[in-house]
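Visitor: Sharing a structure, written as structure tokens. Questions coming.
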């Protein structure tokens, strides 16, 4: 038996999320079907975490046990030939048998993208939230920085979260503004990329953070209110859940791999 | 009567090209329907040129005559609310009555994109030709430069071209290689963007140039053969027509606008 660690990149627009659902049509279903088609084995893959319906991944790691003897360097090409065009396996390696894509993960980074230009970018329309209204990015940055550190993130988690503890650590945040498509002399504000890194994320956590920061950016909440929202430990204290299509699982880091 | 010059950006994946066809489903049809819905007028728009089925445009200018008194600064938002998500009008201005989006055009630039990494980029999959095989980009650059100047481009034009003259001038070419997604130590060769500027382009001209340059890049033709292909004035002398999805109308320049 071998334990294979792979990375998959996907456009989540047409899927009900990463993890298998009763209704089917998930990234996991597609990957397991491709592996079965290739090896004849029925395997269960384990992702580094779930992504919701419509959320994308630049690099989602997953592992699975296989008795197949196909050399590790052949897997990507073989699986990609069996996957739909919006899912691509981009790396594969053999790891120790006790490696687990979720449990061994040390740090994850998500990116959320807001197009704050007047008009949507047709080529990026599935990967950006469009928000043409005025946004104060400095206030958003200040608000986001209030979340740095180890906190109970109950206020920023779905009410349906089943986790025993909502304590997580966010160790890095960054907001970059790309002005390359903004037309000078107009109300175009550029494309805003928010990066959030931490040791783990609760259900909807990044989307609720972004939904709340959008209210900060609009001046509806002062940036420092983010601290009071954390302290409230109440989902009602935070803003709405931002649309899934702007979110992308950016990277997952392991101790060794 | 006013003459309005607008710019439209579109993802051409789901359309039968820019110009109205008997079968419908073109960019022009969508724009004329949106204008009619907004103003009640039946107008005919004139693009700077056609784009084929599946070809995209970053900035395609078009003009039309209207008796509508809607202020020019309101048109983009009003039309975008009436257009599908893969078409966006990005600018609008009033021009002289004798201005013509095609006849007044002085210079056009097209971009063709080849993903020469091992795997497709799922997020750009509709806008790139995937060519994972070995390509000599320097040879492609040398071949492309052979086309600079004023020539009869019959060899690089569709046999169905109805133009009286196939003489055109290409005044600038450029090949850029973006290595940002290429994984070091693999056969990834980056994403290759070819830019071609000139005073006008024949049907399929950029795609036939790219299809021929791909053969140069693979070592099937020496770069200097591009000159002999030009001299042959025979479509059979050139290579195949590259897929439409990698092509994008990049910009169109006018004397004044």
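Visitor: Among the candidates A:129, A:144, single out the residue that is more than 30 Å from residue A:28 (Cα to Cα) and outside the structural domain of residue A:49 (by TED's automatic domain parsing).
Guide: Unique residue meeting the criteria: A:144.
Visitor: Go through segment B:37-49 and give me each residue that's out of contact with any strand residue (DSSP E or B) (no Cβ under 6 Å at 6 or more places or on another chain), surrounded by 17 or more Cβ atoms within 10 Å (Cβ to Cβ) and in a loop (DSSP other than H, G, I, E, B).
Guide: B:49
Visitor: Every residue in segment B:1-17 that is away from chain A (no Cβ under 14 Å) and either part of a loop (DSSP other than H, G, I, E, B) or modelled with pLDDT under 95 (or both), please.
Guide: B:1, B:16, B:17
Visitor: Which residues, taken from segment B:125-147, are without any contact (Cβ under 8 Å) to a residue 12 or more places away in the chain and either away from chain A (no Cβ under 14 Å) or not in a loop (DSSP other than H, G, I, E, B) (or both)?
Guide: Hit for segment B:125-147 is B:138, nothing else.
Visitor: Considering only residues that are away from chain B (no Cβ under 11 Å), in contact with a helix residue (DSSP H, G or I) (Cβ under 9 Å, 6 or more places away or on another chain) and farther than 9 Å from residue A:6 by Cβ, look in segment A:61-80 and name the one that is surrounded by the most Cβ atoms within 10 Å (Cβ to Cβ).
Guide: A:66
Visitor: Is one or more of the residues making up segment B:30-47 under 20 Å from residue B:110 (Cα atoms) and in contact (Cβ under 8 Å) with a residue 24 or more places away in the chain?
Guide: Yes: one or more hits.
Visitor: With (1) modelled with pLDDT of 95 or more; (2) surrounded by fewer than 17 Cβ atoms within 10 Å (Cβ to Cβ); (3) more than 24 Å from residue B:32 (Cβ to Cβ); (4) away from every other protein chain (no Cβ under 14 Å) as the list, and residue B:96 as the residue in question, which single condition is left unmet?
Guide: (3)
Visitor: Only one of these is touching a strand residue (DSSP E or B) at 6+ places or on another chain (Cβ under 8 Å), within 11 Å of another protein chain (Cβ to nearest Cβ) and either under 19 Å from residue B:254 (Cα atoms) or in contact (Cβ under 8 Å) with a residue 60 or more places away in the chain (or both): B:118, B:88, B:107, B:111. Name it. Give the steps one after another, and end with the answer.
Guide: On the way: B:118 fails: touching a strand residue (DSSP E or B) at 6+ places or on another chain (Cβ under 8 Å); B:107 fails: within 11 Å of another protein chain (Cβ to nearest Cβ); B:111 fails: within 11 Å of another protein chain (Cβ to nearest Cβ).
Checking each option against the conditions leaves just B:88.
Visitor: Moving to a separate point now. Out of the residues in segment A:148-181 that are at pLDDT 95 or above, in a loop (DSSP other than H, G, I, E, B) and farther than 20 Å from residue A:247 by Cβ, state the one that is nearest to the chain's Cα centre (by Cα).
Guide: Per the criteria, the residue is A:165.
Visitor: Here is a follow-up. With respect to residue B:110, determine if the residue is crowded, with 19+ Cβ neighbours inside 10 Å, in a loop (DSSP other than H, G, I, E, B) and in the same structural domain as residue B:170 (by TED's automatic domain parsing).
Guide: Considered against the rule, which asks whether it is crowded, with 19+ Cβ neighbours inside 10 Å, in a loop (DSSP other than H, G, I, E, B) and in the same structural domain as residue B:170 (by TED's automatic domain parsing), residue B:110 comes out as no.
Visitor: Moving to a separate point now. For segment B:18-36, which residues satisfy the criterion of being surrounded by 19 or more Cβ atoms within 10 Å (Cβ to Cβ) and under 16 Å from the mean Cα position of the chain (by Cα)?
Guide: B:18, B:26, B:27, B:28
Visitor: I would also like to ask the following. Report whether or not residue A:102 is closer than 23 Å to residue A:16 by Cα, surrounded by fewer than 17 Cβ atoms within 10 Å (Cβ to Cβ) and away from chain B (no Cβ under 14 Å).
Guide: yes
Visitor: Consider residue B:47 carefully, then state whether it is touching a helix residue (DSSP H, G or I) at 6+ places or on another chain (Cβ under 9 Å) and under 28 Å from residue B:124 (Cα atoms).
Guide: So residue B:47 fits the description; yes.
Visitor: Being buried (at least 19 other Cβ atoms within 10 Å of the Cβ), touching a strand residue (DSSP E or B) at 6+ places or on another chain (Cβ under 7 Å) and farther than 16 Å from residue B:172 by Cα is the filter here, so list the residues in segment B:203-244 that pass it.
Guide: Correct list: B:207, B:230, B:242.
Visitor: Given the conditions (1) in contact with a strand residue (DSSP E or B) (Cβ under 8 Å, 6 or more places away or on another chain); (2) part of a loop (DSSP other than H, G, I, E, B); (3) crowded, with 20+ Cβ neighbours inside 10 Å, which single one is not true for residue B:200?
Guide: Tallying (1) in contact with a strand residue (DSSP E or B) (Cβ under 8 Å, 6 or more places away or on another chain); (2) part of a loop (DSSP other than H, G, I, E, B); (3) crowded, with 20+ Cβ neighbours inside 10 Å, residue B:200 fails exactly one: (3).
Visitor: Say we look at segment B:65-95 and pick out the residues that are over 26 Å from the mean Cα position of the chain (by Cα) and outside any helix (DSSP H, G or I); which of these is farthest from residue B:41 (Cα to Cα)?
Guide: Within segment B:65-95, the match that is farthest from residue B:41 (Cα to Cα) is B:71.
Visitor: For residue B:247, state whether it is buried (at least 19 other Cβ atoms within 10 Å of the Cβ), closer than 13 Å to residue B:143 by Cα and in contact (Cβ under 8 Å) with a residue 60 or more places away in the chain.
Guide: no
The values are calculated or read from the model by the stated rules, or taken from the named source; none is laboratory data. Source: prediction; values computed, not measured. Positions of Cβ are backbone-derived with ideal geometry, glycine not excepted, and every protein chain shown enters the neighbour counts.
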